[in-house]
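The values are calculated or read from the model by the stated rules, or taken from the named source; none is laboratory data. Quick caveat, the model's predicted, so the values are computed rather than measured. Cβ placement follows ideal geometry from the backbone for every residue including glycine, while neighbour counts extend to all protein chains displayed.
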Amino acid sequence: MKSAQKTNTSRAAVQKETPKFFEEQVASLREVIPEAFPEGKFDLERLRSFLGDTVDTRPERFTFSWAGKRNAIQLLQMPTRGTLRSAEKESVNFDTTENLFLEGDNLEVMKLLYKPYFGRVKVIYADPPYNTGNDFVYHDSYADPLDTYLKITGQRDSEGNPMVSNPETSGRFHSDWLSMMYPRLFLGRQLLSDDGVIFISIDDHEIHNLRMLMNEVFGEENFIAQITVLTNPKGRVLGEHFARSHDYVLVYSRNALESELSIEKTEEEITEQYTLNDEVASYRLLELRNTHRRFGRFNRPNLYYPLYVDQKDGTVETAPKQGRARIYPNWDDGFEGCWT
């Protein structure tokens, strides 16, 4: 990283209130389906008739919900009246840096970034608080509307003190955690570009709920992977029955990816690794034999067969031909390997 600074470098006037997300969504719906707004008011029945068979009216269908979900949606729709202030004394190369370091509650900050960074972020990595069930408290303490919300949902008392409302013996700690995650994930998706990807670290306690929540926010079709991350080879002995040795990373994309997730090699890596050249490009030679002794004729019999090599010009064929040497993927010590 070249340098970093605490907040937005812009010295222009900052909007005093973020967009009203619900009103923007309604305006978008009005533009796409004006028939659903007779006399300027939304008519659910007209929308149903317009959508026809695409509406799921079955009395029993798969849904994902939790206590407090509606409040979480309302929290998302609350505009923030906070602003980002420059911290020039704490910054490095404030006037020339191309990096930003934003300090603040992530929900508050993402609401402030909604307009300038909508659809522009390539990668998000999130490491949310792991909900271990040990008195997990939902901390969102940055604005008056939210303070009211926390009191209504029982997470703060009338004096503003945090309340432990979700001991492990109650199922509410899952709901509180989901209510904390939902608006942040929703805004995160809005910030991602069309080919953007989000990575989220999580452990056993909420992996199943997070997967369901991500399916709802990002769409199940945009799930990419659930990566198992080895965090402690010996295992954490604090576990009740098993010494847990891993956590997870969930990976989702904003939309279906049209290309593989990959990082291009640097010029230095290409120069170091691809030392041979021809009229097309630089290249390197890799062994055709599988170099892992875990694999061989004993467990990969279909990959154990001879190749026929012309020792003059180096050409290779899979069918026998007079004058060609027969080569098997054997090791010098006699181990019968296999081709890669």
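Within the range 262-277, can you find the residues that are surrounded by 12 or more Cβ atoms within 10 Å (Cβ to Cβ) and in a loop (DSSP other than H, G, I, E, B)? Before the answer, list the steps.
Within the range 262-277, the first condition is being surrounded by 12 or more Cβ atoms within 10 Å (Cβ to Cβ), and the residues that meet it are 265, 270, 274.
Lys265, Tyr274 - these are the residues of the range 262-277 that are surrounded by 12 or more Cβ atoms within 10 Å (Cβ to Cβ) and in a loop (DSSP other than H, G, I, E, B).
Tally the residues that are among the polar types (S, T, N, Q), surrounded by fewer than 17 Cβ atoms within 10 Å (Cβ to Cβ) and under 23 Å from Trp177 (Cβ atoms), restricting the search to the range 78-114. Please lay out each step first, then the result.
So in the range 78-114, the residues among the polar types (S, T, N, Q) come out as 80, 83, 86, 91, 93, 96-97, 99, 106.
This time we only want the ones that are surrounded by fewer than 17 Cβ atoms within 10 Å (Cβ to Cβ), so: 83, 86, 93, 96-97, 99, 106.
Applying the additional criterion that residues be under 23 Å from Trp177 (Cβ atoms) yields 106.
Residues flagged as among the polar types (S, T, N, Q), surrounded by fewer than 17 Cβ atoms within 10 Å (Cβ to Cβ) and under 23 Å from Trp177 (Cβ atoms) within the range 78-114 amount to 1.
I'd like the full set of residues that are part of a loop (DSSP other than H, G, I, E, B) and polar (S, T, N, Q), limited to the range 278-305. Steps first, answer last, please.
Looking only at the range 278-305, we keep the residues that are part of a loop (DSSP other than H, G, I, E, B), and these are 278-281, 284-288, 290-300, 304-305.
Residues satisfying the conditions are Asn290, Thr291, Asn299.
Among the listed residues Val251, Val229, which satisfies the condition of being modelled with pLDDT of 90 or more and within 28 Å of Lys111 (Cα to Cα)? Walk me through how you get there before you give the answer.
Numbers: Val229 fails: within 28 Å of Lys111 (Cα to Cα).
Answer to the selection: Val251.
List pairs: first in the range 230-251 and at positive phi, second assigned to a strand (DSSP E or B) and surrounded by 12 or more Cβ atoms within 10 Å (Cβ to Cβ), Cβ under 7 Å, 6+ apart or cross-chain?
Going by the 7 Å Cβ cut-off, the qualifying pairs are Gly235/Arg244.
The conditions are (1) part of a loop (DSSP other than H, G, I, E, B); (2) of a type outside the set (S, T, N, Q); (3) closer than 29 Å to Leu112 by Cβ, and Val197 fails exactly one of them. Which is it?
Checking Val197 against (1) part of a loop (DSSP other than H, G, I, E, B); (2) of a type outside the set (S, T, N, Q); (3) closer than 29 Å to Leu112 by Cβ, the one that fails is (1).
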